[in-house]
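Single-structure report; data block below.
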Amino acid sequence: MEIVILVSLLSLYCDFTDAECLVISPARLVVKYGDPASSNCSSDTPVEMGWEATQRGTGLTDKKVKFLNWRVDSVTDWTNNPKCFTDGGLCWKQLNITVYKLPDRVSFSYRKYPDPMVEGDQYLLQCLVQNIAPIGRLRVTFYKVNTTGEQTELDTQQKHKDNIKTPGNGTYTLDFTPSRDDDGAQLWCSAMLDLGPEGPQPPPVMESDRLNINVHYKPQITMSPGCFSMSITEGDTLSLNCSANGNPAPSYDWLLPQSAPAPNTTEERSVVTITNMAKSHSGNYTCNARNPLGNITWTVNVEVTVDYLPIIAGLAAAAVVILLVISCFIYSSHYKHTRMGHYQLKDMLPLRHKNKHAVHHNGMDQSFM
């Protein structure tokens, strides 16, 4: 009875007194399966010590020593827990060793039919990590990158299975609801084995292949849907664009006023063109864009107006011409009346007859005198 009590007290003393107990360095090893591993066991005072292990275990030394090394060229035991001990097993320390293996393959898929994806439906994304150890240290992340190159982390998952040290498969799932913005995006997953500071740095990561997704969605007009109004001058050309985004590509129908002529259309009727618009062509022009997932309408109220400016300008020009004609007529009449006057024929006798008569008269006066 006294011997049992003494052994127990000695064991507790060894557990809490560094000077008397064994020290293992390094105390924790992270080793890749198949790689070599080693650790030293030491004591402050020489003792007989040994290593108990499923790989390369050793018996007690013949002599008292302060150091004893444990080493294997290739770790192949997933559950190996080497222990360093002294004579009689009164003091011992265990080496914490983690054996890891990178996955053989990481694959990505999704479940739901029909294929391709449809906007608003829910799909189950699945990441399968094959033959990895220890699976409890595995972190799986789901990613998405859109057509502009922007990457988004969708979710990160980790399953804590610390008691499983041998290789196994891990299946990780995530619910995903695509939108039209996800059309042409890529989905994938990555598997990171985080083994702590003693493990490889940075932690090893293995990615799946990237899956290009095709998302079907109903049409959406590129401009805001609804009813709009516009004015166009009589005689001009009307051009309306009803381009819509949709997958599959939408087709178009136009509903025009009854008086409107048959239009010229382009781009599978997404653009309607009418030349030489008349006042009677006013009304609602409605476009319907559709594909198998749905449809959307767009209406424009068109008012054809008459441009009175040319008419006013023509009338003003005609008025100016009329005023000029009247002015010229009045001026001409007034000039004839004031400048030309009226004359009698007797007033038009030649001046030379008058002069002759005056000379003759003067001559008679001279003879008399």
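Do we have any residue at all in the range 87-108 that's in a helix (DSSP H, G or I) and on the phi > 0 side of the Ramachandran plot?
The initial filter retains those residues of the range 87-108 that are in a helix (DSSP H, G or I), namely 87-89.
Checking which are on the phi > 0 side of the Ramachandran plot leaves us with 88-89.
Yes, there is a match, as at least one residue in the range 87-108 is in a helix (DSSP H, G or I) and on the phi > 0 side of the Ramachandran plot.
Looking at the range 188-209, can you tell me whether even one residue there is touching a residue at least 12 places away in the same chain (Cβ under 8 Å), of a type outside the set (Asp, Glu), closer than 28 Å to ALA289 by Cβ and open to solvent by 10 Å² or more (accessible area, probe 1.4 Å)? It would help to see each step written out before you state the result.
First, the residues of the range 188-209 that are touching a residue at least 12 places away in the same chain (Cβ under 8 Å): 188-196, 198-200, 204-209.
Now narrow it down to the ones that are of a type outside the set (Asp, Glu): 188-193, 195-196, 199-200, 204-206, 208.
Of the ones still in play, those that are also closer than 28 Å to ALA289 by Cβ are none.
No, there is no match, as no residue in the range 188-209 is touching a residue at least 12 places away in the same chain (Cβ under 8 Å), of a type outside the set (Asp, Glu), closer than 28 Å to ALA289 by Cβ and open to solvent by 10 Å² or more (accessible area, probe 1.4 Å).
Mind checking which residues of the range 290-328 are assigned to a helix (DSSP H, G or I), modelled with pLDDT of 70 or more and open to solvent by 50 Å² or more (accessible area, probe 1.4 Å)?
Once the filter is applied, which keeps residues that are assigned to a helix (DSSP H, G or I), modelled with pLDDT of 70 or more and open to solvent by 50 Å² or more (accessible area, probe 1.4 Å), the range 290-328 yields LEU315, ALA317, VAL320, VAL321, ILE322, LEU323, LEU324, VAL325, ILE326, SER327, CYS328.
Among the residues of the range 145-162, what is the count of those that are over 23 Å from ASP121 (Cα atoms), in contact (Cβ under 8 Å) with a residue 12 or more places away in the chain and not in a strand (DSSP E or B)?
Going through the range 145-162 one residue at a time, the tally reaches 4.
Go over the candidates CYS242, CYS287, CYS227 one by one and state the one that is surrounded by 18 or more Cβ atoms within 10 Å (Cβ to Cβ) and modelled with pLDDT under 90.
Among CYS242, CYS287, CYS227, only CYS242 is surrounded by 18 or more Cβ atoms within 10 Å (Cβ to Cβ) and modelled with pLDDT under 90.
Take the residues of the range 41-64 that are open to solvent by 60 Å² or more (accessible area, probe 1.4 Å) and of a type outside the set (Ser, Thr, Tyr): which is nearest to LEU22 (Cα to Cα)?
Only one residue fits best here, namely ASP44.
In the range 80-104, which residue that is open to solvent by 40 Å² or more (accessible area, probe 1.4 Å) and under 57 Å from the mean Cα position of the chain (by Cα) is nearest to LYS165 (Cα to Cα)?
Here the answer is LYS101.
Go through GLN130, GLN151, GLN158 for me and flag whichever is closer than 25 Å to PRO200 by Cβ, surrounded by fewer than 13 Cβ atoms within 10 Å (Cβ to Cβ) and of a type in the set (S, T, N, Q).
GLN151
Residues of the range 162-178 being farther than 17 Å from PRO103 by Cα, surrounded by fewer than 13 Cβ atoms within 10 Å (Cβ to Cβ) and not acidic (Asp, Glu), which ones?
ASN163, THR177, listed by residue number.
Which numbered condition in (1) modelled with pLDDT of 90 or more; (2) crowded, with 17+ Cβ neighbours inside 10 Å; (3) under 15 Å from VAL304 (Cβ atoms); (4) out of contact with any Asp or Glu (no Cβ under 8 Å at 6 or more places or on another chain) is the only one that SER282 fails?
Just one mismatch for SER282, condition (4).
Would you please name the residue that is farthest from ILE213 (Cα to Cα), looking only at residues in the range 105-117 that are modelled with pLDDT of 95 or more and either among the aliphatic types (A, V, I, L, M) or open to solvent by 40 Å² or more (accessible area, probe 1.4 Å) (or both)?
ARG105
The values are calculated or read from the model by the stated rules, or taken from the named source; none is laboratory data. Source: prediction; values computed, not measured. Counting neighbours? That spans all protein chains shown, and the Cβs are built from the backbone with ideal geometry, glycine included. Keep in mind that these areas ignore ligands, DNA and RNA; they rest on the heavy atoms of the full protein, side chains included. Shrake-Rupley method; radii C 1.70, N 1.55, O 1.52, S 1.80 Å.
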